[in-house]
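Encoded as structure tokens, the structure appears first; notes follow it.
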Amino acid sequence: MGGAEARAPLAHLRGRDLIAILGSGAVGALLGAQLTRAGVATALVTTEASAEAIARDGIAVGSPAFGDHVERVRAVPALEAPPGALVVAVKAPHLARALDRIAGEPDVVVPLLNGVDHMALLRERFANVVAATVRVQAHREGRTSVVHRAPFLTVTVAAPGAPALTDALALAHVEVVEGGAEADVLWAKLSRLAGIALATTAADAPLGDVRDDAEAVAREVAAVARAEGARVDADAVLAELRALPDAATSSLRADVMRTEPSPGDHELDAIGGAVLRAAARHGLPAPRTRALVDRIGSL
């Protein structure tokens with residue numbers, strides 16, 4: 001079992017050499033396991049139930065890139081003192097409440113949420129917030145198992161960067177990309193995500209059945225992104241979308257279509273809502289985005 005050596009107790013999970021990850025979903029758990037495996041001082045900050053389960057069982061990773069392994073990742077329900085770096089890996093609907101688990105002021109806060117509006121909320125609380133995005137295909141099974149479905153895990157970080165975190169991620173064999181301006185990083189991700197997320201969710205169908213809708217949304221979002229000051233190439237976005245297999249789908253579809261969904265427990269507002277609010281600020285039309293957001297909202 002990887003990471004089986006004795007771990008420091010909660011009282012020692014403090015200090016500027018610690019990387020804390022807020023959230024133990026697929027992204028948080030996978031990053032926590034890989035950092036722990038690399039010997040980086042890491043703590044997952046999560047719910048009481050998840051912290052107990054992870055403390056008992058560790059986190060099992062199944063990955064084409066990292067192999068199958070189990071790591072004894074430190075997991076706690078709250079941090080009493082600030083870490084050096086705080087990676088925020090909860091979904092947007094849970095962000096405000098999750099922040100109650102963090103005390104003090106980390107040296108740097110790096111959110112990996114979808115959308116753009118979370119940056120303002122985080123900057124109300126923290127002084128140094130650096131925009132970033134993550135590219136990964138993974139899902140969590142239960143509280144302690146992560147299935148990493150594709151051989152990539154890429155974190156793109158905007159200027160001015162977060163060297164202590166990105167050095168640790170590189171040590172853990174996570175690909176790190178220096179992505180330039182904040183608007184470029186955030187809107188590049190959203191322009192690639194919104195079309196497939198909204199189209200597959202509105203129809204409850206894979207991408208192959210809804211490519212026209214997905215491409216129409218991608219064009220609208222690229223126009224909004226450029227109005228927001230981001231360097232987004234619509235042709236490049238469309239080329240990436242067209243290269244995806246017909247079976248491709250989205251986590252938004254999975255969240256909305258769950259057998260027992262929780263109201264608001266998905267990223268429709270963070271994805272589609274953010275696009276529509278930005279379009280309205282610039283007086284830009286986004287009819288297909290609006291139609292799909294309204295359709296999903298009525299499900």
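When the criteria are applied in full, ARG295 fails the requirement of being over 19 Å from the mean Cα position of the chain (by Cα), touching a residue at least 40 places away in the same chain (Cβ under 8 Å) and crowded, with 18+ Cβ neighbours inside 10 Å. Scanning the range 131-188 for residues that are within 16 Å of LEU44 (Cβ to Cβ) and either at pLDDT 95 or above or out of contact with any His (no Cβ under 7 Å at 6 or more places or on another chain) (or both) yields a count of 12. Of the numbered criteria (1) within 16 Å of ARG288 (Cα to Cα); (2) outside any helix (DSSP H, G or I), the one VAL232 fails is (1).
Filtering the range 70-111 to residues that are touching a Leu at 6+ places or on another chain (Cβ under 8 Å) and part of a helix (DSSP H, G or I) leaves ALA92, LEU95, ALA96, ALA98, LEU99, ARG101. Within the range 96-129, the set of residues being charged (D, E, K, R) and either under 17 Å from the mean Cα position of the chain (by Cα) or not assigned by TED's automatic domain parsing to the domain that holds ALA81 (or both) comprises ARG97, ASP117. Meeting the requirement of 3 or more residues that are in contact with a Leu (Cβ under 7 Å, 6 or more places away or on another chain), assigned by TED's automatic domain parsing to the domain that holds LEU241 and crowded, with 21+ Cβ neighbours inside 10 Å, the helices (runs of 4 or more DSSP H) wholly within the range 134-227 are 182-203, 211-227.
The values are calculated or read from the model by the stated rules, or taken from the named source; none is laboratory data. Only a predicted model underlies this, so the values are computations on that prediction, with no experimental measurement involved. Here the Cβ is made from the backbone with ideal geometry for all residues, glycine too, and neighbour counts use every protein chain on show.
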